[in-house]
Structure formats: structure tokens, C-alpha cells
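A.B. asks: Handing you this structure, nothing more for now.
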Protein chains: 4
Amino acid sequence: MTRFSHPDFTAPRFQQLPDARFVDAPADGVLPEGFFSTTNLPTYVRVNGAWRMPREPRMDSALVLGRDGELWVREARRVEQGERVAVGAAEDGSEGIFVHAAAFLGDTGSGEFKFMSSEVSREKPIDYGLMARILVDERDRGGYPIWVTGPALVHSRARNDMVWFIQNHFVGALLAGNAVAVHDIEASVFGTTLGMSGTGEATQGGHGLHMRAINRVRAAGSIARAVEQGIVTDGIMHACVTCGVPFVLTGSIRDDGPLPDVITDSVAGQDAMRAHAIKATMAVLIATALHAIATGNMLPAFVTEADGSLRELPTICVDSSEFVVSKLKDRGTHQAFGVVTNAQDFMHILRLYVERELELRRVGRREPATVAG
Amino acid sequence: MTRFSHPDFTAPRFQQLPDARFVDAPADGVLPEGFFSTTNLPTYVRVNGAWRMPREPRMDSALVLGRDGELWVREARRVEQGERVAVGAAEDGSEGIFVHAAAFLGDTGSGEFKFMSSEVSREKPIDYGLMARILVDERDRGGYPIWVTGPALVHSRARNDMVWFIQNHFVGALLAGNAVAVHDIEASVFGTTLGMSGTGEATQGGHGLHMRAINRVRAAGSIARAVEQGIVTDGIMHACVTCGVPFVLTGSIRDDGPLPDVITDSVAGQDAMRAHAIKATMAVLIATALHAIATGNMLPAFVTEADGSLRELPTICVDSSEFVVSKLKDRGTHQAFGVVTNAQDFMHILRLYVERELELRRVGRREPATVAG
Amino acid sequence: MTRFSHPDFTAPRFQQLPDARFVDAPADGVLPEGFFSTTNLPTYVRVNGAWRMPREPRMDSALVLGRDGELWVREARRVEQGERVAVGAAEDGSEGIFVHAAAFLGDTGSGEFKFMSSEVSREKPIDYGLMARILVDERDRGGYPIWVTGPALVHSRARNDMVWFIQNHFVGALLAGNAVAVHDIEASVFGTTLGMSGTGEATQGGHGLHMRAINRVRAAGSIARAVEQGIVTDGIMHACVTCGVPFVLTGSIRDDGPLPDVITDSVAGQDAMRAHAIKATMAVLIATALHAIATGNMLPAFVTEADGSLRELPTICVDSSEFVVSKLKDRGTHQAFGVVTNAQDFMHILRLYVERELELRRVGRREPATVAG
Amino acid sequence: MTRFSHPDFTAPRFQQLPDARFVDAPADGVLPEGFFSTTNLPTYVRVNGAWRMPREPRMDSALVLGRDGELWVREARRVEQGERVAVGAAEDGSEGIFVHAAAFLGDTGSGEFKFMSSEVSREKPIDYGLMARILVDERDRGGYPIWVTGPALVHSRARNDMVWFIQNHFVGALLAGNAVAVHDIEASVFGTTLGMSGTGEATQGGHGLHMRAINRVRAAGSIARAVEQGIVTDGIMHACVTCGVPFVLTGSIRDDGPLPDVITDSVAGQDAMRAHAIKATMAVLIATALHAIATGNMLPAFVTEADGSLRELPTICVDSSEFVVSKLKDRGTHQAFGVVTNAQDFMHILRLYVERELELRRVGRREPATVAG
């Protein structure tokens, strides 16, 4: 069990510090403006030159100097009009109150008591505006953003948005597995994904449709030929083929088929992925633990610019749970920025913000306005 | 361990059924069009009048009649040109292939082998269009949609979208806890939620800001008075007060403060919530297990229309994980429709779709166009 | 929006049914024994020969016949002494109360209003006793249980328990990926997994240890040779080698190394896995989405016994979240039984129960007792 | 976008450092012992007195000095026999290799590249031995451990284990909500929880059983009276009553009933909880977000010993997901130690380890051995 020492209040840094200041509570259950809000850490209050610890410590409460001279930590609702309440914001003793944070929080961040300091949480805001600016910047400077996606992107009908990003030159290369291409092509050929309709219903006989889609592409010989022959007429793979965006489909042991384009040897697959990772200036990892961690493994945390200078390689990792992002970081991809949401919703809003950013930049350049969508 | 009987193929329903039909594989690893795609259930194939089980059963594969007369289940990639492959889609024997599904799947849904039959999954598409139509319908018919929300709605900056729904008459009543109002008011007064800035950074001294926000409202006496006095100038609670939308804030043991408007007695709180639940014609439950289940408990699964007819009470439950929705259903709110996503993204896209729906209806009515947002 | 019809109370099935029976509440807030507990579905109560719907419907409440003749749904706490409360348990009208469940719940299970009807939930009890009996039965009858595991099993120190199952003949074959073997061998050589110590601390220089472990096995030529040469002296792979339990390690694009034993071609890997899946009489899938779904894909839902009879193939799927089990079922492995827990804890308790089961059977056979562990 | 400067290699700290040392690869795909394992951070290698950055950086790979004098980062499997590979473990330049970690990882922990540095993860080992020692220590020194639990503890049949901890004096006080007591008493009276049998099946008519259990206790007047009257004959509440362990049941808006002992006012409930929190020397928070955060809010992070010295207040937080623990920490309870597992399994293993610890201490005191269970 960890034990802690009290601060040495005879040390020079504690000399010259003032007594804490107390102000009357203006009404029952109401604190004076500027009240000191407590933490759950050992706290020392200077009263008449002596540093004292208040009784019944807890966070989110007030420091009350009782009429009997006792110091208490008390919830605001229990403070009565006229009671003496400590004021101040500083926790370093400069206003007569010292929070002994270093002992407890020494190795977590800044050693300051804070809320919301976790690295990845669904409770944190998602800055779509920033992501949109980075994406447009990358495109404008000729960067090479690699997109790494799992099949949820297709299941959940973010297909159209992904197609939009491909067609509008935001995708340097697409790295994915067999399933992404299979469901995308099933959607093009049969209008379903894993036999599920666009409104989420399981269809009769639907369990075989992805096998039928695979079979047609195998008969054609490759995805590109299936596009040429009019078997695949829309969707993500169609957009890659028609826009000339390179894709790497790597195999896994759960693959159905696989499609003819899939690299079934995992070592050859890594080499093919790395050929793109070496060129990457940004990475967008969506709804895939396997491919995200594989890519993180082979990606530097930085980009070396043409002039030799270094910058961080922006790495966005989108998943429904905090776990995948934490796992990615736990395997060394510390630069990953986590977005905890549904892949479909992410794609839709990101596209919206990128469209707005494009419109802003266009308008900024004084060109005639058109409807942005 | 569950044991199963083979079907009784002497029964009348199995008489008159044809033999299965086999077609040559057109190339190595390519199946004939219309191939039968296997399941993992006991399967019987009629060959020369006899029902036989193939060897090495598995799903997603082909039925191959070997040259030695043996029946095999084989992955497409292992089928050679010219091998005899069963064709057909029916699993009821009418094309000579019978899948013994009833024995295994008797009590799960329709007794048919299907993919994607779970009730709640992040892999299912979210039908924002449908939800938007229901919301606009409810508003137009004078319905009473109750919105029940957790603090993630405020943390994650969906505040503006919630305000929009309140101001545009989509909210009959807002049911929430102390925290929703506290963070919303902290955002109005200090620009932070739990001390976290709008871009997700923990701010210095931020841990006390929600306490300061509470204290100001306590000093004012109520949220409505804090709005009147200009202490609270925007946000969800401000919109409720200024638009006259009723709200119920119920207390919990983790509340800071609480705010003066909070009903701290849970039984009185239930009564206050139920006064709205009785009138509800729709429920939108966002990012809160406690309040969602409380509301589900007191909500009928149906609405009785003025003419005495019955319809389902649309109940949308939004959460980052499947668990909360399953839990709600496990406690009897079977009518709940689950949306597995981030609350911020849900609000943003739902608003977008409602705006589009409004525009569609306006245009459909031939009224002059205005900017919709 | 789904609409529903009222039941046709003129139909023969509703004739001859009795009026509901009402009993006085014995005290304020206390209901008579045998009170009818409401659901949230349309409910009809027979009073003086007429079927009437009560007002303010909700679940978990009482049916009260007010002194004014009005029928109410009311929470027990609001019922006063002497008020008339309906009694009965039947919901089919046979006691004068009819719940119109079929209309609402027609396609979910039995059409009866129930709690806790989800298929997979952390809130459901885990029947370790049953799993232990099945495992011991399988061993005793010469079954072939395949174990399919992810690296969490090694990270989280369930290694010893897995070794115990291997050494005690509960494992027919082990199917896993490169990472399971890498971390297991890192633990044997360096005492860490991914550089993390046995108490969960990241160690200095630890990030390279798994690479050093891989390098030693590559130098030896194979895992078996590394065991022979004394490089690997304990753990899961060591137990497989020394006990002659076959293992299949299949490659993936996120593999480090890989180890020399890994089958890097995913199609060849599937064939190697299927050679075991064909023989399987049971499957235990632990903490791996990829390998669990791959195995589920190639596994029949049933076992054909030597005498030609059929039984379910017991399939246990263990994961920290409901999602993986639901996903497995959504891909057709409907027979999977989900256990939502931590892999380390699962292994520890399962072993404990298997040890108890073995002791029970031994004692049952009148052999002298020894300490079971 | 964050930009970084190269280190200033003219600075004194970089003088006197040696060139990196290179050793021949002993075979194709095998590195020399002691090889340097790369990170994904900017890395500088001293060759002939000059600091150079290798090409194609990634983690988990080797530094190879090509025959052409070029420096490469290369996966071990691609290294050929006889190629020159850098050796060394130090990343501070003292062996001729410098990893520029500070720039990138400045504010995360020690500024060193590490794996597995997340605070809460299901992939971390759970140290039951340590928790058992702390619990026994607390009991032996007369500490006051507070246990705070959610209903999963009862649902999932960890009831017996909780009873054992109560009966064996490991529980200073039990803080919970209405549902814990309701399900516990339903289990005693009817053998079900929320109508679900001990093997997890929903029972017919089961949805009303918890209401019947509540009604009997309301009729008795209190839980203690229900125990006296033989209505409640086993379980957690029974153990609290018969062992004299204080409990606090606080109300919430989702409560059924509630039971007569429940404090329905949340402010009064907080005061009742805090009376125990003030005395707490340890906290065990199991499967409850609401009560865990409430307790964390009112708990100091430290204990003041009788002699005035300070130690950390051990705070164990058990939940099925990382989220609850992160949320607790994000609200200031930084001392919380997270255990990500199923509540049932946690209780069972913790009891096992406490029993072992007791046996160890007893044996250590030379008392005669008995069977420990």
C-alpha cells in the first residue's frame, strides 16, 4: 500500500505564503463567489500561520471554518448563511491552500487534479472541423492519405460517402480485407450485405448472396474485369477501379472465396501494404481492429517533409468502442487520435464537413458561389 | 446435450419431391450460376430417389457429387472444372435439397437459416430517413414526443442540435437528470463541460467550474430565474425556459449540487415523469441507461388514438453500445428500436434529415422556397 | 407505424370466460397476495361481462377498480387500503384479464411478455458446472474438442490453466494465430507479454522482447526445435509439443515475425484448420473474433454420432463483450453459447469446476479420495 | 499539425557518444542476438561520427546498414545472411542510436516508447493475490471496507460469494440501490431474478415475481422484519441483517416499489452514504456506474492513519467494460484500480484467493491444517 509524506512546510517555498481567505456564505446552501472547490487529495489550509488539514475530505465541496475553529470540507447544500467559506482558485499554496497533488498524481500527466483526462472516451467531443481541414490540406499539398477500413463501412451504408471521398481525390490508397470488397460487390449486384437489406432486414435466401457475388467475380477473373464487364456497376471497389485509386486486399482465415484480387499470403500482403505505408502522409483507420493495428505497426509516427523537417503523421482511428483505439496505442501507435462512434455516422458527418470546408475555401478565393449540398 | 431426429422421409410431404439437379462447374474454382449455397445445418440431398447427407458439412460452400458417387460439401475454390455441383435455392426439398432447420432453429424467429438476425447491432444500418419522417409526422399531428437524455449529449456538443429540436417544436417534454442541466449551464457560463474545453482538453482549474455554475443558479433560485437574470444565456435549459417546453429533472445519488429545480425524491420524481409518459406518443432515449429504463418502465408499448384504435409507440434508444438497448428490452420495453452510435453524431445527422424532410414536404406543397438551415 | 386491432371478443374463445376478481388492498401501498402484475401491452379486463381497457397503462403495476367504476393501472405505492385490486396470474383471459401479446410480440419467441429474453448478456448466469460436465464427457467418450484462442489468454496469465487443460487431455487441437504463440514464448523466455510484466507494468526496453523471442525461434527453425533446445521451457506451445497435441497457427497481416510454424497463406491456413474442424465434436472459442468466426464458418452445427444419430455440436464462445458472440451468431453460428467475461477468469473458474467434476466422478466410482487441488 | 525539430547533435550531451555497432545476420531472416528493435519515432544512428536517419522507418524491425552505405529499417524476415544489423538496447544514444521520443511523447508518462501503457484494459492481468492480501489486511487491522454493488451481482449468482464476504467480516458497510435488494429477495422467495431462473431461462409469469417479492416486504414493514418473519431466509440482505452489517439502500427513478428501507430522497441518500464514506479505509465498487461514481465523488483518495500518516485508499472498480473505470477516473477518482471482468467471476475468484490467503496465514501461525475449500 502506497504511503505518502506530508509536505515539509518549513521548506523555503512555503515561507511567505499568506493565510487562506474566508468569506461569508451569502445564503443557506449558497457559496460566496470565488469559493475554493475541493479535490479528493490531501489538502492543507493556512490559518493563523499554521497549515491544517480539514476534516471529512471529499471533492466538489467547500472549505468551511466553523465557529468552533474546526476546519471542515462540506457540500454547498449543507453550508449555512454566514458560515466562513475559503475562497481562491490556486492549489499551490499561493492563496493559502495547498493541494498535495504531486505525491498522488506524480506520474499521470501534469500532476494536477483534473477531470476528463482519459485519452480515449466517447464523452469527448469529436472535432470534425479539424479533421476536414487536415484532409483538404493533405489533398491540396499532394499528400498520400491511406484509408484502412473494415466491412462495417459497407454493412452500414456508408458506401456512398466512401465513394465520394474516392472520387474527390481524398484517398491515396485503400487497404482492406476480402470482406470489404465482398459486401461492397454484393451490394452492387444484389442490393444486400450478408443478405441484409438496406433497411436492416435479413432476406430470405440471403445467406448465399455474398457467395454468389464472389462467384461472379471469380468467373470474371478480377474485380477490374468485373467492372469492365458490367457485373459491378457502383460502390467502393468500382470507384477505385474507375478512378485509378490503388487498393490492397489482404487475406485472412475467415475469408469467403476469396476474391481473385486478394493477396492470400500474409507476408506478401504486409509487403503490399507497406509499399503504401512508406508513402503515407496521413492515415484514416475505420472500424477494423486487425487492419488498423497491422497498419499502425508499419507506419512511422511522423512524416519527413521534402525540406527534411518533421511533423506528426495524422492518424485517425474510428471505432464503436474505446477498446480498439486503446489497443492500437498499447501496441505503440501513440499518435493515434481516437473517434468513438458508428462508422456510418462518422463517414456522413466527415463528408459534410469536408464539403463545407471546400465551400469555405472556394468562397474565400472569391469564386462564384454554388450550392454545396 | 440436445439430440435430433432425422426427418421421416416416408412422410407424405417428402413424396413427389424431385432429385437434386447437378450442373458442371465451368472452371476451376468457379461454380455454375444458381449453385446451392450450404448452411451448417443437417442437409439431405435426393439422388436417385434416396435422401443422402453430404460429407464434411459446413456453410458457404457447394454440394459436389464426386465421380465416385460420394456427396461432398466443398469450398468453391476447391471445386474443379467439370465437377458436378448441385443447383437450387429452396431449402424445403422442393428442388431436391432439404435443410433440417426446424429441429435446430425452432425457437429462433422463423426457423430459417439466416445471417444478421440479431436484434441490436452496430452493424445494422440506421434509418435516419424513417426516424425523421416519424418525428415530423408526430409534430404535424400534435403528438407528444418525450426526449430522455443523458449528459453525453452536452459533453459531446450536441447541445446546439438539441436546442434546434426544442425551438422547432419537436420536443413535448424533456426528462433528464441534474447532470444534463449542470453541464449545459456550465457550457453557457464558462464554455466548458466538466472543465473540458470544446475541443476536448482538460482546462486548468476546470474541475471546479461545474460547481461554480451550480452555485450561481442556486443563488438565483431556479433555472428560470437564472435565465431571466442573464446568468444562463444559451443552451438546452435556456431553450426549454424560453420556448415553454416543460422539463423534469430528477435527482440521483451522484448529483453535484443539485440545482434548485431538481426533484430529489425519487418517488416524486417518478410521478413527475409519469405525468408526461402518460401523454407520450413517441419516446427518444439518448445516452442514458438509468433514465431510459425508468421511462421504459412507465411507458405503454402502444398509443390509443382518439378513435380508440391502437398503434405502436415509437421508441428510439440511442447508445454507444448494444448493451443498454438489450437491457432495456430485457426489462420489457420490447418495442424499443436500437441505434448504436455516438450521441453527438446521432443528433447531428437526425437534425439534417429532419431539415431535409421539412424541405421535401414544403416543396411538395408548392410553397415558396426559403433557406432551410 | 404499426397499427393493431383489438381482439374480437365475440369469438368463441372469449365466450365462457369469467369476470376478473378483485380483492381489497390490505394496507396503504400493499397489494393483496396474488395481485395481477401488469405489462406494457394492451390489456383488457372483464367487468360485469364487458371487456374494458384500464387507463394509464404501464408495466409492474396493479389493476385497480376505483370507487367511481373507473379501471386504473396504478403503482402499488399509490394504492390505498381497501381499494379493489385485480388478482390472477393468467394473461390469456381465463381469469378475466387478457393481455394482447400476440399482436405485439408475434415474432419474438413465444409471444409472451417476458423479461431477460435477450440471447447474449453479461447479466445472465454462467453455468460452469454444465460446461465442465460437457468437457469431461467429451474426454471420456474420446471426443475431439477444438480450442480456438486469442492472445488475451496469454496476456492475462491464463497460460497456466490452458497448459493444465492440454496436459489433462481436454484439448483435441489448438487453433490460433501467430500472436498467441509469440506472447506465450515471450513469457517463457523473458517473463513478459508485449513487454508487460506479470503484474501489468510496462517494462523498460520491453517493446522489443517479443521480437527477440521470435528471433530465437526463427534461429532454432521451429517451435518444436526451440522446445528441444531448451529455449522454450514452459507454457502453451511447450505443452502442445510435449503432449503431442496438434496445433495450427495461421498467419495474419498484423503478425510480427512470423514464427516459422505459422501458415502464412490464408487459404492453406483454412485447409489446415478445417482438417480439425471436420473431426470436431466440441468447440471452445476464447477471446478472438477473427479465429472464432473463421472456425464457426467451417464448423457444422451438429455432430453425427457413430450410430448415425445427430446431436448439437457444443460451441462455447467467450468474450468481454456481447458483440463478438452476436456477430458470430449473425454469421450463422446459431448454436454458439455466449459467455461474457474476462478470458483469464473464465479459464480459472472452468478449470476449478472441471477439477470438481473429476473429483465427483472419481468419488462416485468409490476410489480412495485425494486432494483435488 | 504538430512539427518537431531534429535534436541538436552539437549539444554537449551528444558529444563523446560512440558509433553504432553492427553485427552480421547469422542466417536469412534471423537477426544477431542483441539486435536493436526499432520504434516508430524519429531515430538517429551514428555512423562514422555522423548522425543519420534510416529510410522507411517502422517499429518492430531491424536497422540494416546496406552494402551501398544506405541505412534501412527492415523487417527481420527480409534481412539476408551476412547483412550488417545494428545491435544495442539503449535509445538515448549511448550505444550510437538515439530515439527522439521526448518530442513526441513528452506528456505521456515517462517519455519513453512503451507498449501496454493504457491505464485500464481487459488485456492486463488481474492481481487477485494482491487484492486478497489487502482485504485480509484491512480486516485484521480493523479497517472499514465499503462495498458498493449493482444488481449484476445478484443476477449472476455471485450472491453466495457476497454472503460469504459478509459473514466473514470483510464488509464494513454495503451501499447499493433498491434493485440489488429486490433481486436478492426475489431470489430468496422465488428462486429467480427478474423472473430468470438460475440457469438463465426466462420463466413463465416471471415478469411479476420481483413485484410480488417487494409486496411481501412492504407488507412486513422492512427488510429486517421480513427476515424475522421468515419471509427472507437467505442471501445478501439476510446476511447483512443477521450479521449486523449496516447497509444503505438509496433510491433512483427506475426503482420498482421501492422497498421500505430505501431512502428515496437523493440528498438524504448522499448523507447516509457519506456517513460510511467518511469512515472508509477501502472501497470495492462492483458492476455499478451510478453508485461507483457517487461513492468516488464523496471519497477521499487517501486514509489518514491514527498516527497522522497518509496512505492511498485502495479503490477497486470492477466492470465488464473499460468505460466505467475510465469514467470514474475522468470524474477525479484517479486512485481507482480497474478490473475488467464479469462480476460473478470476480466474486468467485476473489473469494478463492481470500480463502487461500487465510489458509496461508493460518498455516504460517502453525495451527493445525483443515481443508480450505
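Throughout, read-outs are computed from the coordinates displayed, never taken from laboratory work. The model shown is predicted, which means the values in this text are computed figures rather than measured ones. Ideal geometry is used to build each Cβ from the backbone, glycine not excepted, and the neighbour counts take in all protein chains shown.
A.B. asks: Using Cα centres only, tell me the gap between the range D:277-310 and the range C:221-289 in whole Å.
C.D. replies: Rounded to whole Å, the Cα centres lie 46 Å apart.
A.B. asks: Taking the Cα atoms of the range B:56-181 alone, what are Rg (to one decimal) and Dmax (as a whole number) in Å?
C.D. replies: Both quantities, over Cα of the range B:56-181: 26.3, 75 Å.
A.B. asks: Go ahead and set up a Gaussian network model of chain C, Cα springs under 10 Å, then flag whichever of C:Arg159, C:Arg74, C:Arg212 fluctuates most.
C.D. replies: Of C:Arg159, C:Arg74, C:Arg212, the most mobile in the Gaussian network model is C:Arg74.
A.B. asks: Could I ask something else about it? For the pair B:Glu33 and B:Arg225, how long in nm is the line joining their label points, each one 7 Å along Cα→Cβ?
C.D. replies: Spacing of the two 7 Å Cα→Cβ label points: 7.9 nm.
A.B. asks: Based only on other Cβ atoms within 10 Å, what is the fewest-to-most ordering of A:His210, C:His276?
C.D. replies: Details: A:His210 26, C:His276 22.
Starting with the residue having the fewest Cβ neighbours, the order is C:His276, A:His210.
A.B. asks: What is the Cα centroid distance between the range C:148-187 and the range B:48-102, reported in whole angstrom?
C.D. replies: Cα centres, the range C:148-187 to the range B:48-102: 36 Å.
A.B. asks: Give the residue from C:Leu299, C:Thr192, C:Gly332 lying farthest towards the positive end of the charge dipole for chain C; charges sit on Cβ (+1 for Lys and Arg, -1 for Asp and Glu) and the dipole is referred to the Cα centre.
C.D. replies: Of the listed residues, the answer is C:Thr192.
A.B. asks: Evaluate the charge dipole of chain B about its Cα centre and quote only its size in Debye, nearest 20, assuming +1 on the Cβ of each Lys and Arg and -1 on the Cβ of each Asp and Glu.
C.D. replies: Numbers: 37 positive and 45 negative charges, 95 e Å.
That gives chain B a dipole magnitude of about 460 debye.
A.B. asks: Which value, in Å to one decimal place, does the Kirkwood hydrodynamic radius take for chain D when every pair of different Cα atoms is included? Walk me through the intermediate numbers first.
C.D. replies: Values: mean 1/r = 0.0401 Å⁻¹.
Kirkwood hydrodynamic radius for chain D: 24.9 Å.
A.B. asks: Tally Lys/Arg at +1 and Asp/Glu at -1 over every other residue whose Cβ is under 14 Å from the Cβ of C:Glu75; what's the total? Display every interim value, and only then the final one.
C.D. replies: Working: positive: B:Arg274, C:Arg55, C:Arg58, C:Arg74, C:Arg77, C:Arg78, D:Arg218, D:Arg254; negative: B:Asp271, C:Asp28, C:Glu56, C:Asp60, C:Glu80, C:Glu83, D:Asp255, D:Asp256.
Net local charge, C:Glu75 excluded: 0.
A.B. asks: Moving on to the next point. What ³J(HN,Hα) values, in whole Hz, does the Karplus curve 6.51 cos²θ - 1.76 cosθ + 1.60 give for the range A:21-36 when θ = phi - 60°, with x put for Gly and Pro?
C.D. replies: Result, ordered by residue: 9, 10, 10, 5, 5, x, 7, 4, x, 10, 8, x, 3, x, 4, 7 Hz.
A.B. asks: For the range A:218-336, what does the relative contact order come out to in percent, with C-alpha contacts under 8 Å and a separation of six or more?
C.D. replies: Worked out over the range A:218-336, it gives 18 percent.
A.B. asks: From the backbone phi of the range A:117-133, what are the Karplus-calculated ³J(HN,Hα) couplings (6.51 cos²θ - 1.76 cosθ + 1.60, θ = phi - 60°) in whole Hz, Gly and Pro given as x?
C.D. replies: Whole-Hz 3J(HN,Hα) from phi for the range A:117-133: 9, 5, 7, 10, 7, 5, 7, 8, x, 9, 8, 5, x, 5, 4, 5, 5.
A.B. asks: Between B:His6 and A:Asp8, what is the label-point separation in nm under the 7 Å Cα-to-beta-carbon projection?
C.D. replies: 8.9 nm
A.B. asks: Which value results for Rg/Rh of the range A:238-319 when Rg is the Cα radius of gyration and Rh the Kirkwood radius based on the inverse mean 1/r? Walk me through the numbers on the way to the answer.
C.D. replies: Working: Rg = 14.3 Å, Rh = 14.3 Å.
When Rh is taken as the Kirkwood radius, the ratio is 1.00.
A.B. asks: Along the range C:341-353, what does the Karplus equation 6.51 cos²θ - 1.76 cosθ + 1.60 (θ = phi - 60°) give for ³J(HN,Hα), rounded to whole Hz, x for Gly and Pro?
C.D. replies: Computed from phi, the couplings for the range C:341-353 are 7, 7, 4, 4, 5, 4, 4, 5, 6, 4, 4, 4, 6 Hz.
A.B. asks: May I pose another question? Any idea what the dipole of the range D:251-309 comes to, in debye rounded to 20, about its Cα centre with Lys/Arg Cβ at +1 and Asp/Glu Cβ at -1?
C.D. replies: 120 debye
A.B. asks: My understanding is that a pair violates if its Cα-Cα distance is over 26 Å; which of C:Lys279/C:Lys327; B:Lys329/C:Lys124; A:Lys114/B:Lys329; A:Lys124/A:Lys329; B:Lys114/B:Lys329 do that in this structure?
C.D. replies: Working: C:Lys279/C:Lys327 24 Å; B:Lys329/C:Lys124 14 Å; A:Lys114/B:Lys329 37 Å; A:Lys124/A:Lys329 17 Å; B:Lys114/B:Lys329 22 Å.
Correct reply: A:Lys114/B:Lys329.
A.B. asks: About the Cα centre of the protein assembly as shown, how large is the charge dipole given +1 on each Lys and Arg Cβ and -1 on each Asp and Glu Cβ? Please answer in debye to the nearest 20. The partial results should precede the final answer.
C.D. replies: Numbers: 148 positive and 180 negative charges, 0 e Å.
Once rounded to the nearest 20, the dipole reads 0 debye.
A.B. asks: According to the square roots a ≥ b ≥ c of the eigenvalues of the Cα gyration tensor, what is the shape class of the protein assembly as shown, taking rounded for a/c under 1.5, prolate for a/b larger than b/c otherwise, and oblate for the remainder? Let's see the in-between values first.
C.D. replies: Working: a/c = 1.33, a/b = 1.08, b/c = 1.24.
It comes out rounded by the Cα gyration axes.
A.B. asks: Add -39500 (n - 2.57) for each DSSP H run of 4 or more in chain C, then divide by its residues: what number comes out at 222 nm, to the nearest 500 deg cm²/dmol? List each step's numbers first, then the result.
C.D. replies: Details: 12 runs with 123 residues, N = 373.
That comes out to -10000 deg cm²/dmol.
A.B. asks: Also: Please compute the net charge surrounding D:Val248, taking Lys and Arg as +1 and Asp and Glu as -1 over other residues with Cβ under 13 Å from its Cβ.
C.D. replies: Working: positive: D:Arg274, D:Lys279; negative: D:Asp261, D:Asp265, D:Asp271.
Local charge sum for D:Val248: -1.
A.B. asks: Given a Förster distance of 51 Å, report the FRET efficiency between A:Asn168 and D:Asp68 from their Cβ-Cβ distance, rounded to the nearest 0.05. Please report the intermediate quantities before stating the final value.
C.D. replies: Numbers: r = 41 Å, r/R0 = 0.80.
Using R0 = 51 Å, I get an efficiency of 0.80.
A.B. asks: With everything on Cα atoms, drop me the angle between helix C:209-220 and the longest principal axis of chain C, reported from 0 to 90° to the nearest 10.
C.D. replies: On a 0 to 90 degree scale, this one is about 50.
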